[in-house]
Amino acid sequence: MQVMLCELIRFLEISLVDRPDGERPRVSIVSAWDFVDHEKFANGPRAWLEHEYPLLAGRLGDVNKRLNIRVFGLSVVGGDLKTGKGCREALQESGLGGRG
């Protein structure tokens, strides 16, 4: 999977053109952040990516001259399902439709 993601980054690197304002094209890497433990959460999504997907993280470091890349960790459910009773109840009532 990492190889395919690296190839996707390569494709974006060669095919995206500069923005009208002359800035580099923007690319966002988003990971699900719902079940990350507190220690990994504190280190941030970039550190998580470097640990879990080192080949991809290394490739992202190589393209910073051509692309403006940011790494984000987002919650699909909007809270902690283990400790957030309100979050858990809202999810049970409405399901995952319309989230994420």
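Derivation of every value follows stated rules applied to the coordinates shown; laboratory data play no part. No experiment lies behind these values; they were computed from the predicted model shown. Here the Cβ is made from the backbone with ideal geometry for all residues, glycine too, and neighbour counts use every protein chain on show.
For the reader, a short list of remarks on this structure follows.
- Given their separation in residues at 0.36 nm each and the Cα-Cα distance between them, S31 and L8 gain 6.7 nm when the chain is fully extended.
- Centroid-to-centroid separation of region 30-61 and region 1-29 [C-alpha atoms, Å]: 19 Å
- Over all other residues within a Cβ to Cβ distance under 15 Å of C6, the charged ones net out to -2, with Lys and Arg as +1 and Asp and Glu as -1.
- If R0 is 35 Å, the Cβ-Cβ spacing of L16 and V76 corresponds to a FRET efficiency of close to 0.85.
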